[in-house]
1. Between residue 43 and residue 76, what is the spin-label point distance in nm, taking each point 7 Å from the Cα along the Cα→C-beta axis?
2. For the stretch 1-65 and the stretch 128-159, compute the distance between their C-alpha centroids and round to whole Å.
3. Which of 101, 143, 87 moves most in a GNM of the chain, Cα contacts under 10 Å?
4. What angle, in degrees between 0 and 90 and rounded to the nearest 10, separates the Cα long axis of helix 8-39 from the longest principal axis of the Cα atoms of the chain?
5. Using a simple spin-label model with points 7 Å from Cα along the Cα→Cβ vector, what separation in nm is obtained for residue 152 and residue 25?
6. Can you give me the angle between helix 50-70 and the longest principal axis of the chain, using Cα atoms only, in degrees from 0 to 90, rounded to the nearest 10?
7. How do 106, 58 line up, fewest other C-beta atoms within 10 Å first?
8. Could you work out the helix-only [θ] at 222 nm for the chain, with each DSSP H run of four or more residues adding -39,500 (n - 2.57) and the total divided by the number of residues, to the nearest 500 deg cm²/dmol?
C-alpha cells in the first residue's frame, strides 16, 4: 500500500529508524548521567538484568520492520492513526520523565543515598512514568503497521523484564532514600491504578 505516494513499509521502517536514533541519543544522555551520578556517590542496583534489557530493546526495534516486510503485514490507516497517537504520547511522557529527573535519569538503576526521590512532573501521578512510556511504545510501534506478533511477544517479554526491574529499583530506592513514604499510595504505572 502507498501513503503520500510512498510504500507504507518504507515509511514505517523510517519511523522505526527514527525511534532507534532517539534511543541512541537517550543512551548518550544516560551514559553522561551515569558518570556524573557515580562521581557523586550513587550506588548501582541489580546490574545483571541490564544486558538483557539492551538486547530486548534492540531486538524489538529490529523485529518491528522485519515482521512487516517478511510476513507482509498490512497497513490499516484505522489502526495506524491511533497507534501513532499513542506512540507520540509515549514519547512525550518519556521526555517529560527525563526532563523531570534531569541529571538523575539513566537507563541503569542508580540511587544517590540519602537524596529524596523526585516527586514532580509525571512522578506526581505514577511511580514509573518512563516504564509506562516503554509499555505503551512496545504495544503501539509494531501496531502502526500491523506487526501484531512483535507487539504480543515483546510486550510479554517486556512485562517480565519490568517486573524484575521495578522490584529491584523500588527495593534500592527504599533502602537508600525515603522512597516508600514519599510514594505511598501512588500507583506504579497507571494513574488511578495500583
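1. 5.0
2. Measuring centre to centre over Cα atoms gives 13 Å.
3. Of the options given, 101 has the highest mean-square fluctuation.
4. The angle comes out near 10 degrees.
5. Between residue 152 and residue 25, the label points sit 3.4 nm apart.
6. For helix 50-70, the angle is close to 10 degrees.
7. The fewest-first ordering by Cβ neighbours comes to 58, 106.
8. So the calculated ellipticity at 222 nm is -22500 deg cm²/dmol.
All of the numbers you see were taken from the coordinates with simple rules; none came from a lab. Just so it is clear, the model here is predicted, and its values are computed rather than measured. Every residue, glycine among them, receives a Cβ derived from its backbone with ideal geometry; neighbour counts consider all protein chains shown.
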